[in-house]
Amino acid sequence: MAFLRCSFLFLMLIGLGLAQAEECPPFWNRFGSHCYRFFGHNKTWQEAENHCQMFFNRHAQGHLASIKSQVEFNLVLTMWKTSLPPPILGLYLGGIKTDSFFSWSDDPNNGIAGFVAWLPNEPNNSGGMEDCMATTVDGWNDVPCTETFPHVCKIRIE
C-alpha cells in the first residue's frame, strides 16, 4: 500500500512538472526560451507593436521581435521568406529610435548592442523621419514608422 501511495505521489509530481513546462501557442515557433510568429498583414510599426502586445503569458508580454544573434536573425528571415512570395520589401522588427539611439521594444532602457545587421550606411535617418527598424533579406534599415510591413512577434516563455 505504501508503494502505491509513493508511486501515486511520484506520478502527481511528474504531472505537475510537465504542466508547468510552457510550450508555444499554436502556429508559433519555439527558439530557445522564446516563441515567434510571423504575421503577413501590413501594419505601421506602432500597429504591429500593439498587435504583438496582445499576446502574453505568465512570463512576459509579446513585442516585435528583437534580434540578438545571427542564428535568431536567420530564423526570422526563414519564417518570413517561407511565408510570403517575392518580392520581399520589408519586415518590421522591434527596433525603435528614442533619444537619438535605437533600442528594442522589449528592452527599451538599453541600446542595441552585441549583434547588429545594419545595411551599409544605415541607420541614416534619411529625410529626418526614420525612427523605426525594418529588415530586408540583406539586413536592417531605418524607415519611417508610418510605412506598412508584415511583422514578427516574439514572446519569452521561460
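The numbers here are math on the coordinates, done by the rules we state, and not lab data. Since the structure is predicted, the reported quantities are computational estimates derived from the model, not experimental observations. Cβ coordinates were reconstructed from backbone atoms using ideal geometry, including for glycine residues, and neighbour counts include every protein chain displayed.
Structure notes:
- Here's how it looks for Leu91: its modeled amide H is under 5 Å from those of Thr135, which are all 5 or more places away or on a different chain.
- Thr148, Thr44 arranged by Cβ crowding within 10 Å, fewest neighbours leading: Thr148, Thr44
- When each of Arg30, Arg37 is scored by the number of other beta-carbon atoms lying within 10 Å, the sequence from fewest to most is Arg30, Arg37.
- Set of lysines near Lys81 by C-alpha distance (under 24 Å), chain-local residues within fewer than 8 positions excluded: Lys43, Lys68, Lys154
- Full-extension gain in nm, His51 to Ser69, via 0.36 nm per residue minus C-alpha separation: 4.1 nm
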